[in-house]
Amino acid sequence: MDSSARRMAVEFRLSLGLLALIALAPLAIDNPYWQGVLIVSMYFALLAAAWNLLAGYTGQFSMAPACFAMIGAYTTGLLAYQWKIAPSLGIPASILAAGAIGAILGLIVLRLRGPYLALTTLSFAEIMRLAIGNSYGFTRGDLGLNVPGLLESRLAWYYVFVAVLAAAQGALYLLLRSRAGLFLQAIRDDEVAAASRGVDVVLWKTVAFTLSTALSGLAGALYAHFSQLVSPELGLISQTGLVICMVVIGGIGSLVGPLAGALLVYVSSEMLREVGGIQLIVFALLVILIARFFREGLWGLARRLLRKAAA
Amino acid sequence: MNTLSRHWRLALAAAAGLSIAAHAADPIKIGISIAQSPPGSVVQGTQVKDGLEIIKDHVNKAGGVLGRTIELVYEDNQGVPEKGRAATEKLITRDKVVAVTGGHQSSVCLAEIEVAKRYNVPYVNTNCWSDDVRKKEYPQVFNPGNYNSRVGLAMAETIAAMGVKRVIAFVENTDYGIGQAKAVAEALKQKAPNVEYKYETLDRAGKDFTPAVLPLRADPPDMILTMLLPPAAYIVMNQLYEQGVAPSAKTWLYDGAGIADYPDFWQNVKEAGKYMLEFGLYHPQMKTPKLGLEVAKTYQQRTKNEPNRLIFQAADSLLLIVDAIKQAKGTDPNALIKALETMKFEGVRGEFRFSKEPGYKFHQWVDIPYVNFQLTEVNQPVSKSLLVQAPGIPLAVGKLQKPVK
Amino acid sequence: MLNVDLFINGLIIGLFYALMAVGLTLVFGILKVVNFAHGEFYMVGAYTYTLAAFKLGFDPWLALPLALAAGAAAGWLTERALMRPLYAGYSSWGLMRDEYAVVVTFALSLLLINLVDKVVGPYPQRGPALLDIPRMALGPIMLSGQKLVATGVSLATIAGLALFLRYSFWGRQIRAVAQNRLGASLAGIDTTRASSLVFALSGALAALSGALLAPIINASPDVGAFPAIKSYVIVVLGGMGSMPGSIAASLALGVLESFGAVYISYDYRDTFGLAILMLVLIFRPQGLFGERGREV
């Protein structure tokens, strides 16, 4: 228990280091296109961190992270488009909406595990996506919704994302280091045993769901005002697949894995796109290899190498 | 001292000359955002690309523009608005293109023009028909292609002349489909107010439309309109044919999306395309300017297919940008926009000026020529189809044929 | 009559769903996992059939068994390379074996889709019809020649499968392993062989349905998403692991969607099945016919 707390501290410090690098990057990269790429990878990093909390630390493999980003994006988008409500109210509304819906979903799937949980959340995600896509009278469906911007300069957006990501990492660290974090991991490792030891499984599973979906909703809302266009594309299962890829590649169940995975996968996918669209093939293969042979992902690999080097 | 400074002056002159030459050799980059993969209409994207390439080669062979060659930078928007937005951003911020064109799916255009406006880059709308693209009245956007209100009026006239009573339209769930359905509704109110008209939206990514088709078997309307792009268009046509709904002795099939001249039309619909009425923007029997005939010939040589309107619209899109650069004597965006607004353009389809009227006519070639024709045999090329209306040929619905059964 | 049309068409579609889903049911019965790459086996069959006919010039009736073989190979390979850790005990996922299956089959699905997209190209391809009659009347309904043939082949295959499972040597072994893996292996059954066989079978069946439907629903890299989702709904609705259950569920789903699309909502017809899936998992996890519990 002591070593895992230490490991978490190391992971947290590493993730702060990564964030510092990202924060300094615009000094070297002043092309708005590549800054945009980094911003989108930070969007994915938020989703990855949210899913990691739910799946990596609590053991609930939901297939709906992209769906909740879509819910967040549409909440603030529709509030702005239909009722001209400012983003300063829209974004908090997105967090609340995503969290509330997430809490309900979490309660519904309480007794489900493994493929059953995956199937139920997948159906939920698809139903939401189809519902939004079909209500073109209200949401403009597949045509996409134009959302007003929030900040003028791209660089300002860049630092907003860095700040939110840093805050999220910090909050996750504090949560996981606390007793709540222990409860979550106990639930992941053996739910029955945890319950028999007095852990309020119902409460903590729902809390994990709520926090995860609220964070996803926030990410979606920020992305909506950044790209100024939301469409049901945000909630596609393949988007969830991308998030899962990022977390598994980076290292599931660690604090730094999702962040590293998101950056690595998204940035290299943009770079590989030039080479000719093989990026998803490479990542899917990586996920299979890592899942099959080396569950701890690239972060786990790095740790092993560091330990060997230290020895 | 003198020789040194003379050497220096020579060196400077040489350096300056070299740099000017190097700069002059820089090609002019024009951004092209098209669909090259599903769910976008790949067939459309490919045809737009073919048309653009023909004009690009034509211009570069004649020495380029202002001494520089034209380079086309392509991005695949997959027919998805979000990807179109990202593609246009990429073209403008990373590739630094002087103009963006190629757009052929309305929902994508609507997302892309926002980006063009934000960065103040001229955007030439090649084939997005939705009136909304014009109604936004963005100064950067120019529309040499067709627009839904035009189709609405044309189709309403035909429907009125044919005397049908009940019309049902199948439209795709995009800005184009729904926009055109509404435009037809508006026009019908004027031209044929007694016609019973309703439209049903279908998912353009759908694979099976039998539930929508089956109810019509029991109660067939007089005419079915289709406003869909392939592949959904082909599936709908095949299923309408399979169930014996249209084209049939009772029910006409009238397509408003202009798909009859797509290269893969006949191989996908076969029997189902016979007797289909078509609203089109190009027919080989139309009067075409000399440049247009050249483009047609080149296209036929390169692809062994008959050309269609997409080729010509794409050609005109690029030609407009090239002419604007010539007139503006440079690539400054505001000068380009001014040039496009004021110039008289002679393209491959005819000559026109962009209108300045508000609403759906803004920066639009208002009097775009169109045709109505009917396919009377399977595998029939457009050139052999039955032309019932064209510029100069008044609508003659008496000639239209119906299947016998 | 519209309702007769809807009912018969619903049954036909239901039959196609059954062919798609029954393989997934078998896999679940034996391995207790949902294969998230099942839709891609369908896609492999559709492409093999279409490409064999168009690129290699095979007669469509020969391309069909080729597609079957390709699907079987894909299924067997998947089991061999990726599924062994689920029961052979040598995975680094330890207690999270279900989650491992989810992640690895999901990634496999992503891999196959993008591989095909890159190698073959993203454009939809229409497979050749086995019976090239665009429309024919069959009693009260109209259908295409291809639909008729596909219906016949599906019926024959499902009947054959049922007989195989009930009466053949390997069929009984598979059923034993599905009932109780440990007990079956104690009784001397080669459970690994049975698992391989089942996975190969599921691949073959999905591929067959992909090939049969290729002329109706064109082959494209992402064509597998649609049969996959239907299959999940059917497997859950029918009671995970029960073959008669999934056949009944398939027919029911086909008819429900057919009527629902006309009388309730055309736009939302895909959500009926999904909503049912959620409701079943929440309230009656054993489905229509299944027996076991849903918790770990």
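What lysines could a cross-link reach from residue C:32, if we take a straight Cα to Cα line under 26 Å and drop same-chain neighbours fewer than 8 places away? Cross-link targets: A:205, C:230. Computed extension gain for residue C:62 through residue C:81, at 0.36 nm per residue and net of the alpha carbon distance, reaches 3.9 nm.
Modelled this way, with points 7 Å down the Cα-to-C-beta line, the labels at residue B:377 and residue A:201 are 7.5 nm from one another.
A DSSP coil position with no more than 15 other Cβ atoms inside 10 Å describes none of the chymotrypsin sites (Phe, Trp or Tyr not before Pro) in region A:133-209. Applying a DSSP loop filter and a limit of 16 other Cβ atoms within 10 Å to the trypsin sites (Lys or Arg not before Pro) in region A:152-229 leaves A:197. For trypsin sites (Lys or Arg not before Pro), the sites in region B:82-112 that DSSP calls loop and that have at most 16 other Cβ atoms within 10 Å are B:96. Between residue B:136 and residue A:156, the FRET efficiency estimated from the beta carbon spacing at R0 = 25 angstrom works out to 0.40. Projecting label points 7 angstrom from Cα along Cα→Cβ for residue A:278 and residue A:180 puts them 4.5 nm apart. In this calculation the C-beta distance from residue C:133 to residue B:393 is compared with R0 = 45 Å, giving a FRET efficiency of 0.70. Would you please classify the overall shape of the protein assembly as shown from the alpha carbon gyration tensor, given that a ≥ b ≥ c denote the square roots of the eigenvalues, rounded means a/c under 1.5, and beyond that prolate means a/b larger than b/c while oblate covers the rest? Oblate is the answer for the protein assembly as shown, as a/c is 1.5 or above yet b/c matches or exceeds a/b. Straight-line cross-link reach from residue B:361 at under 15 Å between alpha-carbon atoms covers these aspartates and glutamates, not counting any fewer than eight positions away in the same chain: B:131, B:132, B:137, B:341.
Calculated mean residue ellipticity at 222 nm for chain B: -13500 deg cm²/dmol, from DSSP H runs with n ≥ 4 weighted as -39500 (n - 2.57), summed, divided by the residue count and rounded to 500. With 30 Å as the limit on Cα-Cα distance, the pairs of B:90/B:304; B:49/B:270; B:191/B:304; B:287/C:55 that go past it are B:90/B:304; B:191/B:304; B:287/C:55. Legend: ranking of residues B:276, B:162, A:246 from fewest to most surrounding C-beta atoms inside 10 Å; resulting order B:162, B:276, A:246.
Can you tell me which aspartates and glutamates have their Cα less than 13 Å from the Cα of residue B:297? Leave out same-chain residues fewer than eight positions away. Qualifying aspartates and glutamates at Cα under 13 Å: B:50, B:306.
With a Förster radius of 51 Å applied to the beta-carbon distance between residue B:353 and residue B:200, the computed FRET efficiency rounds to 0.85.
Residues B:93, B:226 in ascending order of nearby Cβ atoms (within 10 Å, fewest first): B:93, B:226. Could you tell me whether region A:30-129 comes out rounded, prolate or oblate from its Cα gyration tensor? Rule is a ≥ b ≥ c as square roots of the eigenvalues, rounded for a/c under 1.5, then prolate if a/b exceeds b/c, otherwise oblate. Oblate is the answer for region A:30-129, as a/c is 1.5 or above yet b/c matches or exceeds a/b. Once you reduce region C:49-83 and region A:1-77 to the center of their Cα atoms, the two points are 41 Å from each other.
Each of B:37, C:231 has some number of other Cβ atoms within 10 Å of its Cβ, and from fewest to most they run B:37, C:231. The simple spin-label model puts a point 7 Å past each Cα toward its Cβ; for residue B:285 and residue B:61 those points are separated by 3.1 nm.
In order along region B:194-201, the phi-based Karplus estimate (6.51 cos²θ - 1.76 cosθ + 1.60, θ = phi - 60°) of 3J(HN,Hα) comes to 8, 7, 8, 10, 9, 10, 10, 8 Hz; Gly and Pro are listed as x.
List residues of region C:188-210, by number, whose backbone nitrogen lies under 19 Å from a label position 7 Å along Cα→C-beta of residue C:162. Within reach of a label on residue C:162: C:202, C:205-206, C:209. Working from Cα pairs under 8 Å separated by at least six residues, relative contact order for region C:2-283 is 41 percent.
Contact order, relative form, for chain B: 16 percent (alpha carbon pairs under 8 Å, 6 or more residues apart, mean separation divided by residue count).
None of the figures in this text is laboratory data; all of them are computed from the coordinates on show. Note that this is a predicted model, so its numbers are computed, not measured. Virtual Cβ from ideal backbone geometry, glycine too; neighbours counted across all protein chains shown.
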